[in-house]
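Notes follow the structure.
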Amino acid sequence: MYTATNAIRPFEKKVWLATPTRHPEMMRYIQEAYDTNWLSTIGENINEVERQMAERIGCAYAVGLGTGTAALHLAVKLAGVKRGDRVFCSDMTFSATVNPVSYEGAEQIFIDAEYGTWNLDPDALEKAFRLYPDVKCCIVADLYGTPAKLDRIRETCRAHGAVLIEDAAEALGSSFRGKSCGAYGDINCISFNGNKVITGSAGGMLLTDSREDADRVRKWSTQSRDAAPWYQHSEMGYNYRMSNIIAGAIRGQIPYLDEHIAQKRAVFERYREGLKDLPVSMNPFDETEMKPNHWLSCLTVRKEYMCQQTRTDSKAEFVPEHGKSCPTEILNAIASINAEGRPIWKPMHCQPIFSGMPFVSLDPASPTDEDIFARGLCLPSDNKMTEEEQNVIIEVIRRCFD
Ligand SMILES: *Cc1c(COP(=O)(O)O)cnc(C)c1O
């Protein structure tokens, strides 16, 4: 652990990675649902959240669901993925991006990331289509709020007749070439989970330009009732619809989306400035074409400045070295002052549950995302973190390189 000789006094109040931000409007809309007795999966809050999100993101239809994971599951169904099919997936992401492929009995083919955005590499995707020309679906995540190279990815999918699912769970409010994340896929998913940039404590949404698809998702999410005088079902159903109470919380957050993003951007910029003379880089994006929401600020330690770090399936260790550091040391140091950092999402092809699954990389001997995972970490990125708190975190990182 962090040594006492260079210890900094821990925060009295923990500085978290990312926490919800309360706004009085949330209670107003929840109260309205209560007062009007729409304590159900029907109601004005759901209608409004769907309308506002569709408008904001620029998709014709939005369907409110219980979670982002439920949205991804129904997206995979909508894409027509069947048992035994294979689906190209972002490799470095949260497992929720890729699990729905397994829910449908299909198999993932993981695609390496690229250094420019840390997202699915369009060149590796082209290689994947050469290796597996029959694949008809691709799921791409916008990691930490940074858009993937969505135009190229979309073109490649179109050229191969594959459905593109965009997992914009972390990227609400981000945009690429003036178009919102969550509008690039044929089917798009967002999340209102408790640590996302706006939250209803939970919640998710599927967005599409197809009215027919939106109707199917709405039907599936409410147990797939047929139009009949009794409960009749000709398809498998799910209880995935958004609650009108949760929707009230989300509705009260929407007006603050841009404010939260501005705060997140300020956090990112203070880190970039405060760490600029250290051998680290912030998570990259294309400054001219991308407007990330900066959901999480992350850094990577430059290769030559990495001390020795070893990670097994359950343990991380490092050997301290003068002038060098590593994510394990920095995460320990951050934890030692009562703040919360987090490793980068461990690549899916390295996960025990997916061992042996196909993985496509331009450099299979040393995949890009394994390198980012080894050298990277997520910094405390709460939008309510004060400048003083952030300065302490920056100082603690600096001391790791002493
Ligand atoms: C949060 C998240 C999800 C899942 O969203 P939930 O609403 O928690 O189910 C999916 N994909 C990514 C990349 C996420 O970060």
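Details
- Within the accessible area of the chain, the carbon and sulfur atoms contribute 50%, probe 1.4 Å, all protein chains present.
- Highest average packing first - 387-399, 322-334, 244-256, Cβ atoms within 10 Å: 244-256, 322-334, 387-399
- For the set K13/K315; K13/K264; K149/K196; K127/K149; K14/K179; K324/K346, the pairs lying more than 25 angstrom apart at their alpha carbons are K13/K315; K14/K179.
- Gain in span if fully extended, D35 to A335, counting 0.36 nm per residue against the direct Cα distance: 103.6 nm
- Gaussian network model of the chain, Cα within-10 Å springs - most flexible of T41, T93, T146: T41
- For region 24-256, a/c is not less than 1.5, where a ≥ b ≥ c are the root eigenvalues of the C-alpha gyration tensor, and a/b does not top b/c. That puts it in the oblate class.
- Anisotropy class of the chain from Cα gyration tensor, a/c 1.5 cut: oblate
The values are calculated or read from the model by the stated rules, or taken from the named source; none is laboratory data. These numbers come from a predicted model, not from an experiment. Virtual Cβ from ideal backbone geometry, glycine too; neighbours counted across all protein chains shown. Quick note on the areas: whole protein, heavy atoms, side chains included, nothing else; ligands and nucleic acids left out. Shrake-Rupley method; radii C 1.70, N 1.55, O 1.52, S 1.80 Å.
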